[in-house]
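Report on the following structure.
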Protein chains: 2
Amino acid sequence: MFKGLSAFPLTPLNASGIDEKAFLNILKRLTDAQVDSLGILGSTGSYAYFTREQRKRIATLAVQHADNIPVMVSIGAISTDEVLRLADDAQQAGASALLLPAVSYQKLNDEEVFGFYQDVSRHVSLPICVYDNPGTTHTVFSDALHARIATLPHIASIKIPGVPADIAAATERVQALRADFPARVSIGVSGDAFAGAGLIAGCDLWYSVCGGLFPRTAKAITDAAMAGDFASVAAQAQRLAPLWALFTRHGGSLRVIAAAASNLGLAEMDCLPRPLRPLAAAEAAEVHKVIVGLELGE
Amino acid sequence: MFKGLSAFPLTPLNASGIDEKAFLNILKRLTDAQVDSLGILGSTGSYAYFTREQRKRIATLAVQHADNIPVMVSIGAISTDEVLRLADDAQQAGASALLLPAVSYQKLNDEEVFGFYQDVSRHVSLPICVYDNPGTTHTVFSDALHARIATLPHIASIKIPGVPADIAAATERVQALRADFPARVSIGVSGDAFAGAGLIAGCDLWYSVCGGLFPRTAKAITDAAMAGDFASVAAQAQRLAPLWALFTRHGGSLRVIAAAASNLGLAEMDCLPRPLRPLAAAEAAEVHKVIVGLELGE
């Protein structure tokens, strides 16, 4: 399952709580587009803001409606005990893999990060994808730490936060990581603006925010990469530069994707969990203009 | 209650979960020393690692054993909904005040931070202390944002992350903050290494990690400050420099204070919630040497 396009959908809210109908509508776009895997309750799916019960419910719904596409569920939490409970829940819900961030409150040292992955990997029976995103978890992985974690049982993939924009440098980076890992461990690029370079540089898959709302657009890029047509990957990724620019301008992809989902009638305008807030009307209008200009409505 | 020494105790664990006996033993040192207030489930009390039920239990125990000293309880969480539930729990447990961090997963913008404090302040009936500690919450407050939040109902104190070491600069800093706030809002210094400078510069109180384990030592400093004996404050704070140096060396105060509590027989060696881990034996021995050298056993 750790190849091609892994699509990370929103978990939209409405005034009563999780908007299950909107979630299932967004999910249907992903199954219709036959993405390679679903990344449920990722950062884009706002896992960190939900209760254990809400997370179990969403994981269960996703598996029920996944149309046999493998479902990966994030089990991130600040406390290891809570992570182990979430792992049990995700396994019971029928997930195919677990996405595991090392979310920090007190900054973790390397021994603590390794010990955390060891404790969780001993507890679970499903493949684990290591989630490396210092922007949200504030945990920084050295290459040596990544290599140590990759030797643990169940570790099947690493979600890296990006690669250098320069293709030669990106290739060197991905090759260096690959040399450190067992062959069974796939490398997936995230940070959508880096996806083109990451795929050209040899990443096995794209852990994609864009693919969670615009799966056909994202899948055309991963399909080209899997076929070795790197000129097409570069051209398609470059075409989306105005979308990546919006992500940068609004402190990340989440508020932009939420506004885009709302623009497309797929979620309410105010669909993010508090304390997060939707973009202002003028900003949302600008998102709409970019979506229309790039013909992302699908 | 927002004056003098606010002492922040550990919430120690053992193999079965929260070590209530150890917690109550540490709490007794603080009530015996007649600290001015108790900061329960602060960062030192590991609030971010516990379930709602564990937090309610600890808050209840603390109020029952506080010997009429006012108890402030942290209600921090990533989700606003959870913070509101924790506020209800703390109020029902009999807390006298609420400590409110803006814990972030997605980085919050100023409107979101203000909206968060507004939502919580509208919901609660107790005084709120604004918790400003970017090192753990990754939320940065500008002075303008602090001033805006301070106008909200129930805001009674601000816990600042430190002051410049230079007394003139520290005084200027505290005066600038005070000019921005209504008179009802007290200013408390945290970051124990800054406590002496902060108190001399005019802070109303010390939100103290050191005071959560060594209350007599910390209270002698705040008593001197309240009496205007700033030479004594400076000398006493300077004497503790080896302790502050350990905090710096070990990425913050928590693992050092946990080792010190264990050294004193007040908690098990492995008393922090996973993924956090105790200091190595050699490091804990060094902590012991400093504690003995400074005669902090009390």
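Among the residues in region B:287-297, are any part of a loop (DSSP other than H, G, I, E, B), at pLDDT 95 or above and in contact with a Gly (Cβ under 8 Å, 6 or more places away or on another chain)?
no
Could you identify the single residue in B:K3, B:K21 that is surrounded by fewer than 20 Cβ atoms within 10 Å (Cβ to Cβ) and within 21 Å of B:R216 (Cβ to Cβ)?
Details: B:K21 fails: within 21 Å of B:R216 (Cβ to Cβ).
Answer to the check: B:K3.
Taking the stated definitions as given, is B:D270 among the charged types (D, E, K, R) and touching a Pro at 6+ places or on another chain (Cβ under 6 Å)?
Values: among the charged types (D, E, K, R): yes; touching a Pro at 6+ places or on another chain (Cβ under 6 Å): yes.
Yes; evaluated as a whole, the condition is true for this residue.
Quick check on my filter: what residues within region B:33-68 are within 12 Å of chain A (Cβ to nearest Cβ), among the hydrophobic types (A, V, I, L, M, F, W, C) and either in a strand (DSSP E or B) or under 27 Å from B:G297 (Cβ atoms) (or both)?
The answer is none; no residue qualifies.
Taking the conditions exactly as written (farther than 30 Å from A:M1 by Cβ, among the β-branched types (V, I, T) and surrounded by fewer than 20 Cβ atoms within 10 Å (Cβ to Cβ)), does A:V287 satisfy them or not? Give the derivation first.
Numbers: farther than 30 Å from A:M1 by Cβ: yes; among the β-branched types (V, I, T): yes; surrounded by fewer than 20 Cβ atoms within 10 Å (Cβ to Cβ): no.
For A:V287, the condition - farther than 30 Å from A:M1 by Cβ, among the β-branched types (V, I, T) and surrounded by fewer than 20 Cβ atoms within 10 Å (Cβ to Cβ) - is not met.
Which residue pairs have Cβ atoms closer than 7 Å, lie 6 or more positions apart in sequence or on different chains, and pair a first residue in region A:91-109 that is among the charged types (D, E, K, R) with a second residue that is buried (at least 18 other Cβ atoms within 10 Å of the Cβ) and at pLDDT 95 or above?
From region A:91-109, the pairs are A:K107/A:H138.
Testing B:A33 on (1) surrounded by fewer than 20 Cβ atoms within 10 Å (Cβ to Cβ); (2) under 19 Å from B:A90 (Cβ atoms); (3) among the aliphatic types (A, V, I, L, M), one condition comes back false. Which one is that?
So B:A33 meets the others, but not (2).
If you check every pair at least six apart or on different chains, which have Cβ atoms under 8 Å apart with a residue in region B:1-24 that is within 16 Å of B:P273 (Cα to Cα) and touching a residue at least 24 places away in the same chain (Cβ under 8 Å) first and a residue that is of a type in the set (S, T, N, Q) and assigned to a loop (DSSP other than H, G, I, E, B) second?
Note: pairs meeting the criteria are B:P9/B:T44; B:L10/B:T44; B:L10/B:S46; B:T11/B:S46; B:I18/B:T11; B:F23/B:T11.
Quick check on A:V35: is it among the β-branched types (V, I, T) and touching a Lys or Arg at 6+ places or on another chain (Cβ under 7 Å)? First the steps, then the outcome.
Working: among the β-branched types (V, I, T): yes; touching a Lys or Arg at 6+ places or on another chain (Cβ under 7 Å): yes.
So A:V35 passes the test.
Tell me yes or no: at least one residue of region A:153-160 is on the phi < 0 side of the Ramachandran plot, assigned to a loop (DSSP other than H, G, I, E, B) and under 18 Å from the mean Cα position of the chain (by Cα).
Narrowing region A:153-160 to residues on the phi < 0 side of the Ramachandran plot: A:153, A:155-160.
Of the ones still in play, those that are also assigned to a loop (DSSP other than H, G, I, E, B) are A:153.
Still in the running and under 18 Å from the mean Cα position of the chain (by Cα): none.
Within region A:153-160, none of the residues are on the phi < 0 side of the Ramachandran plot, assigned to a loop (DSSP other than H, G, I, E, B) and under 18 Å from the mean Cα position of the chain (by Cα).
Determine the pairs where a residue that is among the hydroxyl-bearing types (S, T, Y), located within region B:229-257, has a partner that is surrounded by 13 or more Cβ atoms within 10 Å (Cβ to Cβ) and in a loop (DSSP other than H, G, I, E, B) with Cβ atoms under 8 Å apart, the partner being 6 or more residues away or on another chain.
Correct list of pairs: B:S253/B:T44; B:S253/B:V209.
Does B:L294 satisfy being surrounded by 13 or more Cβ atoms within 10 Å (Cβ to Cβ), touching a Lys or Arg at 6+ places or on another chain (Cβ under 8 Å) and more than 14 Å from chain A (Cβ to nearest Cβ)?
Working: surrounded by 13 or more Cβ atoms within 10 Å (Cβ to Cβ): yes; touching a Lys or Arg at 6+ places or on another chain (Cβ under 8 Å): yes; more than 14 Å from chain A (Cβ to nearest Cβ): yes.
Yes; evaluated as a whole, the condition is true for this residue.
Please enumerate the residues belonging to region A:84-111 that are under 19 Å from B:T51 (Cβ atoms), of a type in the set (G, A, S) and under 18 Å from the mean Cα position of the chain (by Cα).
Selection gives A:A87, A:A90.
Mind listing whichever residues of region A:262-283 are surrounded by fewer than 19 Cβ atoms within 10 Å (Cβ to Cβ) and in a helix (DSSP H, G or I)?
Those that are surrounded by fewer than 19 Cβ atoms within 10 Å (Cβ to Cβ) and in a helix (DSSP H, G or I): A:A281, A:A282, A:E283.
How about region A:15-32: which of its residues are farther than 25 Å from B:L108 by Cα and either within 14 Å of chain B (Cβ to nearest Cβ) or within 17 Å of the chain's Cα centre (by Cα) (or both)? Please lay out each step first, then the result.
Let us first name the residues in region A:15-32 that are farther than 25 Å from B:L108 by Cα, namely A:20-21, A:24-32.
Matches in region A:15-32: A:I26, A:L27, A:R29, A:L30, A:T31.
The values are calculated or read from the model by the stated rules, or taken from the named source; none is laboratory data. This one's a predicted model, so the numbers in the text were calculated from it and none came from an experiment. Here Cβ is always computed from backbone atoms with ideal geometry, including for glycine, and neighbour counts include all displayed protein chains.
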